[in-house]
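Asker: My questions will all concern the structure given below.
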Amino acid sequence: MQKILAFFRLIRWFNLLIAGASLLLFHFFIVVPSLGALTPTLHWWQAVLLAVSVMCIMAAGNAINDFFDYAQDKKFKPQKQVLGREISLDEVPYIIGTLNVVGIGLAAWLAYSVGNLKLVNVFLLSALLLWQYSSTLKKYALIGNAIVAGLCAIVFVLPVLFETQLTGSFMLPASKYYILTQMQGYAVFAFVVTLAREIVKDIEDVEADKAYNFTTLPVWLGVRVSAVVAGLLEVLLMAAVAFVMYVYWNNGLKNHFWYAVLFIQFPILVNVIPLFVAYNKTDFRVQSVMLKLTMVFGLVSIPLFYWFNK
């Protein structure tokens, strides 16, 4: 039992649930309702398998990351380390290999099922990027952060890529526009929140990164400048959300407007103000948790806005 719990800690189970839920909620509450009388390309169980595929590849990426960070974590985060304790280093390659084979295998079968095998390249590229990120790219300012943020954003793109009705002639242009607009909005939201959070996490780890000659943003420009960069990203996100709120208000979508005020704008505001004055690891840890909470609130908006529209 202890080993099973350690495995779930290794793969960051909560982050995986957020990713899987993001894909499924977008599929079931935005894509499928917009199809109207048209039959979705993916059956409900195929959509679940698509989410499982994404979660497996992300889980493998998390295991790879801990594998490459073993020495660093042993020195700077011994209390959080799983590898070398509950799970041996010799077991990690098998875990990574199994997760990637299952994830890519499911993706290949689903891509074949919808008649577009090229879609499997998205999953292959994601797996390769996660490996390259852990081994090399995360050592450099913003490059690794942007890769992680981009992979989080693409979760909202996948249900659209697998929906062949969008390229057909039977779907109403207004419905296509709605799906694509929602996809862009949630993908941008996920990208910006994740990018800001990755910068904050780098600030938390600045000591360890310095010791191992990483050139992350906090190592390169310093903690204070990096905190300002993360804060400015959040301010830009608030401005974008404010524009969306303006559209909601003008279209009489008052429930949407007030949800955005209370559960999107307010948490970001509460987070961004202390970020400019945060100075120790605990402060930045709180910022990281708040950003994850903001992501969850953004995710919850998908089914809520669907019910508000009914």
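Asker: Distances over 19 Å make up what percent of all Cα-Cα pairs in the stretch 2-119? Present the calculation step by step, with values, prior to reporting the outcome.
Answerer: Details: 3731 of 6903 pairs.
In whole percent, the share of Cα-Cα pairs in the stretch 2-119 beyond 19 Å is 54.
Asker: Here's a follow-up. Report the extension gain between LEU293 and LEU38 in nm, rounded to one decimal, defined as 0.36 nm multiplied by the number of residues separating them, less their alpha carbon distance. Let's see the in-between values first.
Answerer: Working: separation 255, 0.36 × 255 = 91.80 nm, distance 3.52 nm.
Full-extension gain reported as 88.3 nm.
Asker: Might you report the magnitude of the Cβ-based charge dipole of the stretch 38-179 about its Cα centre, with Lys and Arg at +1 and Asp and Glu at -1, to the nearest 20 debye? Write down the numbers at each step before the final one.
Answerer: Working: 9 positive and 7 negative charges, 68 e Å.
Magnitude of the dipole: close to 320 debye.
Asker: Hey, another quick one. Let me know the Kirkwood hydrodynamic radius for the stretch 86-166, please, with Cα pairs as the basis and the value in Å to one decimal. Before the final figure, lay out the partial values.
Answerer: Values: mean 1/r = 0.0701 Å⁻¹.
14.3 Å is the Kirkwood radius here.
Asker: Here's another thing I want to ask about it. Once Rh is set to the Kirkwood radius over Cα pairs, what Stokes-Einstein translational diffusion coefficient, in µm²/s, holds for the chain at a temperature of 4 °C and a viscosity of 1.567 mPa s?
Answerer: 63 µm²/s
Asker: Once you've got the GNM for the chain with C-alpha springs shorter than 10 Å, pick whichever of GLU234, GLU86, GLU204 has the biggest mean-square fluctuation.
Answerer: In the Gaussian network model the winner is GLU86.
Asker: Taking the square root of 5 times each eigenvalue of the Cα gyration tensor, what semi-axes in Å does the equivalent ellipsoid of the stretch 113-236 have, largest first? Show your work: numbers first, answer last.
Answerer: Working: eigenvalues 246, 69, 9 Å².
Rounded to whole Å, the semi-axes are 35, 19, 7.
Asker: Filter LYS176/LYS254; LYS75/LYS281; LYS80/LYS292; LYS139/LYS210; LYS118/LYS138; LYS77/LYS210 down to the pairs with a C-alpha to C-alpha distance above 21 Å, please.
Answerer: Details: LYS176/LYS254 24 Å; LYS75/LYS281 16 Å; LYS80/LYS292 19 Å; LYS139/LYS210 10 Å; LYS118/LYS138 28 Å; LYS77/LYS210 15 Å.
Where the Cα-Cα span goes over 21 Å, the pairs concerned are LYS176/LYS254; LYS118/LYS138.
Asker: Kindly report the accessible area of the stretch 164-310 per residue (heavy atoms of protein chains, probe 1.4 Å, no ligands, DNA or RNA), in Å². Kindly include the intermediate steps, with their values, before the conclusion.
Answerer: Numbers: 7740 Å² over 147 residues.
Averaged over the residues of the stretch 164-310, the accessible area is 53 Å².
Asker: From the residues PHE276, LEU99, PRO159, which one has its Cα farthest along the dipole of the chain in the positive direction, the dipole being from +1 and -1 charges on Cβ of Lys/Arg and Asp/Glu about the Cα centre?
Answerer: PHE276
Asker: Counting heavy atoms of the protein chains only and a 1.4 Å probe, report the per residue accessible area for the stretch 1-43 as a whole number of Å².
Answerer: Values: 2190 Å² over 43 residues.
Using a 1.4 Å probe on heavy atoms only, each residue of the stretch 1-43 averages 51 Å².
Asker: Please work out the average accessible area per residue across the stretch 55-163, using the 1.4 Å probe convention, and give it in Å². The partial results should precede the final answer.
Answerer: Details: 5040 Å² over 109 residues.
Accessible surface, normalised per residue, equals 46 Å².
Asker: Helix-derived [θ] at 222 nm for the chain: sum -39500 (n - 2.57) over DSSP H runs of at least 4, divide by residue count, nearest 500?
Answerer: Rounded to the nearest 500, the figure is -24000 deg cm²/dmol.
Asker: Would you work out the relative contact order for the stretch 84-153, in percent, from Cα pairs under 8 angstrom that are 6 or more residues apart?
Answerer: On the way: 24 pairs, mean separation 13.2, N = 70.
The value is 19 percent.
Asker: Where the accessible area of the chain is counted over protein heavy atoms with a 1.4 Å probe, how much of it, in %, is carbon and sulfur?
Answerer: Working: 10770 of 15440 Å².
Result for the chain: 70 percent of the exposed heavy-atom area is carbon or sulfur.
Asker: Now for a different question. Relative contact order for the stretch 139-287: what is it in percent, counting Cα pairs under 8 Å that are at least 6 residues apart? Display every interim value, and only then the final one.
Answerer: Details: 139 pairs, mean separation 38.0, N = 149.
That works out to 26 percent.
Asker: Rank TYR248, THR194, MET238 by how far each Cα sits towards the positive end of the charge dipole of the stretch 160-250 (+1 on Lys, Arg Cβ; -1 on Asp, Glu Cβ) and give me just the farthest.
Answerer: TYR248
Asker: Here is a further query. Could you tell me which of PHE123, VAL225, LEU83 has its Cα farthest along the dipole of the chain towards the positive end, charges placed at Cβ (Lys, Arg +1; Asp, Glu -1), taken about the Cα centre?
Answerer: VAL225
Asker: State, as an integer percentage, the relative contact order of the chain based on alpha-carbon contacts under 8 Å between residues 6 or more apart. Mind showing how you got there, number by number?
Answerer: Values: 352 pairs, mean separation 59.8, N = 310.
Computed over the chain, the figure is 19 percent.
The values are calculated or read from the model by the stated rules, or taken from the named source; none is laboratory data. Values in this document were obtained by computation on a predicted structure and should not be read as measured data. We place every Cβ from the backbone using ideal geometry, glycine too, and count neighbours over all the protein chains shown. Just the protein is used for accessible areas: all its heavy atoms, side chains included, with ligands, DNA and RNA removed. Shrake-Rupley method; radii C 1.70, N 1.55, O 1.52, S 1.80 Å.
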